[in-house]
Amino acid sequence: MNYSKNRRKYVERLALFALISHIPYNVFCNYGEITFFPTSVIFTLLCGLLALIVYEKINKKVLKWILIIFLVGVTYIADWALFGVLFVLSFGIFYGDTKKQWIVYLTVNAIKLVKIIYVSNWNIYMIIPAAVSPFLVRAQLHLYNGTKGGNEYSKWSFYIIYPVQFLVIGVIWIFLN
């Protein structure tokens, strides 16, 4: 599923950085106002990881799917709402079967695109990125050779850069207005 040696620590790390990222994300998204909603994509990734763990560990099908649906639904308040967990599941469940991964991933993206078309009332500035991004992801993942890269510090760079970028941009916006 991932290169983390300890899933519990990975869940804890994602939860910690979801909390840390919440305020900078709000400063950015809510023009300086800090509220409970929305929250960042790290929360969605945390829910995706938890959904994957539920999928792998819970044997009772009804309970498994109730928990997964709950984890998908709770991301309604977050960036990559609803679909982020499905993306994580599409790659995690079919790990090792690239063809199935991409069929499910592109199907989820097609549903997301239909939702964006409907919600945006055919806003081309929302539709084009939603239509193009799955192929950019595909191209980027195609270049990945399956090996762990970087060093001890590189794994932390995403966790640090992600909230800092929102905080910097949000603060700049506040000072300019």
Report summary line: Note on the chain: helices (DSSP H) long enough, at least 18 Å by alpha carbon along their axis, and hydrophobic enough, mean Kyte-Doolittle at least 1.6, are 41-57, 61-74
Requested in this report: Kindly provide the GluC sites (Glu not before Pro) of the range 4-84 that DSSP labels as loop, not H, G, I, E or B, and whose Cβ sees at most 16 other Cβ atoms within 10 Å.
Outcome: Glu33
Requested in this report: For Leu19, Leu50, write out the residues from largest to smallest accessible area, computed with a 1.4 angstrom probe and no ligands counted.
Outcome: Leu19, Leu50
**Report entry** Which label in (1) 9.4; (2) 11.9; (3) 11.4 gives the computed mean projected area of the Cα convex hull in nm²
**Finding:** (2)
Requested in this report: Calculate what fraction, in whole %, of the accessible area of the range 85-170 sits on carbon and sulfur atoms when a 1.4 Å probe is rolled over the protein chains.
Outcome: 70 percent
Query raised in the report: Which chymotrypsin sites (Phe, Trp or Tyr not before Pro) does the range 39-139 hold that lie in a coil by DSSP with at most 15 other beta carbons within 10 Å?
Result: Tyr95, Trp122
Query raised in the report: For the range 1-44 and the range 116-150, what is the separation of their Cα centres, given in Å?
Result: 21 Å
Query raised in the report: Of the trypsin sites (Lys or Arg not before Pro) in the range 6-92, which ones lie in a loop per DSSP and count no more than 16 other C-beta atoms within 10 Å?
Result: Lys60
Report task. Take the cross-link list Lys61/Lys148; Lys60/Lys148; Lys5/Lys112; Lys60/Lys112; Lys57/Lys148 and give me the ones stretching past 31 Å between alpha-carbons. Result -> Lys61/Lys148; Lys60/Lys148; Lys5/Lys112
Report task. Name the most mobile residue of Gly32, Gly73, Gly96, meaning the one with the largest mean-square fluctuation, in a Gaussian network model of the chain with Cα contacts below 10 Å. Result -> Gly96
Requested in this report: Leaving ligands, DNA and RNA out of it, rank Val74, Val119 by accessible area with a 1.4 Å probe, largest first.
Outcome: Val119, Val74
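The values are calculated or read from the model by the stated rules, or taken from the named source; none is laboratory data. What you see is a predicted model; the values in this text were computed from it and never measured. No Cβ is skipped: glycine too gets one built from the backbone with ideal geometry, and neighbour counts run over all protein chains shown. When the accessible area is computed, the model is the full protein with side chains, heavy atoms only, and any ligands, DNA or RNA have been set aside. Shrake-Rupley method; radii C 1.70, N 1.55, O 1.52, S 1.80 Å.
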